[in-house]
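Asks: Quick one: the structure is below, questions incoming.
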Amino acid sequence: MTTAYEFRMDGRLTEQAREAFCDMRIEEEPAGVTLYGDVIDESHLLGILAQCRMLGLVVVSAHRVLPRADHGRAGSLPHPRDTVTDLSTYRSRRR
């Protein structure tokens, strides 16, 4: 069973980051980027966050969202949040 998540990030995605998250819906916004996708379990979630860190992305927040029939389709509206995880202290650092 999977859980739908929304990941908000500062800045823009590079082509490398877009390829890394090709299975997720990507929405460019004035204040950054939002990714939507299914997460299998906690280790998968941590793997996504680690991938963000390796790509030098700053994750502002990750939210579990309610599943919708149109989840994952480009152009669908953002999902209502049912749980909020503040990741303001989980900052990616470029090395």
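Asks: Could you tell me whether Thr85 is assigned to a strand (DSSP E or B), touching a Lys or Arg at 6+ places or on another chain (Cβ under 6 Å) and either buried (at least 16 other Cβ atoms within 10 Å of the Cβ) or modelled with pLDDT under 95 (or both)?
Replies: For Thr85, the condition - assigned to a strand (DSSP E or B), touching a Lys or Arg at 6+ places or on another chain (Cβ under 6 Å) and either buried (at least 16 other Cβ atoms within 10 Å of the Cβ) or modelled with pLDDT under 95 (or both) - is not met.
Asks: Can you name the residue in the range 63-79 that is touching a strand residue (DSSP E or B) at 6+ places or on another chain (Cβ under 7 Å) and more than 15 Å from Glu27 (Cβ to Cβ) and, of all such residues, is modelled with the lowest pLDDT?
Replies: Pro67
Asks: Restricting to the range 31-60, name every residue that is touching a helix residue (DSSP H, G or I) at 6+ places or on another chain (Cβ under 7 Å) and among the polar types (S, T, N, Q).
Replies: The one that is touching a helix residue (DSSP H, G or I) at 6+ places or on another chain (Cβ under 7 Å) and among the polar types (S, T, N, Q): Gln51.
Asks: Hey, another quick one. Cβ-Cβ distance below 7 Å, separation of 6 or more or different chains: which pairs start in the range 38-54 with a residue that is closer than 12 Å to Ala17 by Cα and end on one that is of a type outside the set (A, V, I, L, M) and part of a loop (DSSP other than H, G, I, E, B)?
Replies: Pairs that qualify, where the first residue is closer than 12 Å to Ala17 by Cα and the partner is of a type outside the set (A, V, I, L, M) and part of a loop (DSSP other than H, G, I, E, B), are Cys52/Ser92; Arg53/Ser92.
Asks: Give me the pairs: first residue in the range 18-30 and assigned to a helix (DSSP H, G or I), second residue β-branched (Val, Ile, Thr), beta-carbon distance under 9 Å, and six or more apart or on different chains, which are they?
Replies: So the pair list comes out as Arg18/Ile26.
The values are calculated or read from the model by the stated rules, or taken from the named source; none is laboratory data. Predicted, not measured: the structure shown is a model, and the values here were computed from it. Quick reminder, even Gly has a Cβ in these numbers, built from the backbone with ideal geometry, and neighbours come from all protein chains shown.
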